[in-house]
Amino acid sequence: MGSCVLPDRAVLAVSGAEAGAFLDNVITVNVSGLPLHGARFGALLTPQGKII
């Protein structure tokens, strides 16, 4: 599967031992257990749970 640039979307790269736990707390999808270099669509949330 290839990739393409979508101007209304962003790509987020996070690394480190706690990256999955961090992302699980700030985006709308569960990324724990996602394979290395895997991807999922989701939305970034404010601390109040509103979509940014």
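Read-outs throughout are calculated quantities, based only on the coordinates presented, and are distinct from any laboratory measurement. Every value quoted in this text rests on a predicted model; they were computed, and no experiment measured them. All Cβ positions, even for glycine, are placed from backbone atoms using ideal geometry, and neighbour counts span all protein chains on display.
Taking amide H positions as modeled 1.01 Å from N, with prolines and chain starts lacking one, the residues under 5 Å from V31 and 5 or more places away or on another chain are D24. For the listed peptides 37-48, 19-30, 4-15, a ranking on the average number of other beta carbons within 10 Å per residue, highest first, reads 19-30, 37-48, 4-15.
Applying the Karplus relation 6.51 cos²θ - 1.76 cosθ + 1.60 with θ = phi - 60° to segment 31-44 yields 3J(HN,Hα) values of 9, 4, x, 5, x, 3, 6, x, 8, 8, 7, x, 10, 7 Hz, where x marks Gly and Pro.
The relative contact order of the chain, computed from alpha carbon pairs under 8 Å that lie at least 6 residues apart in sequence, is 23 percent. Taken over the Cα atoms of the chain, the convex hull encloses 88 Å³ per residue.
So what's the back-of-envelope 222 nm ellipticity for the chain, counting only DSSP H runs of four-plus at -39500 (n - 2.57) apiece and dividing by all residues, rounded to 500? Dividing the helical sum by the residues of the chain leaves -4000 deg cm²/dmol. Near the amide H of L44, within less than 5 Å, lie the amide hydrogens of I52, all on another chain or at least 5 residues away, with H placed in the peptide plane.
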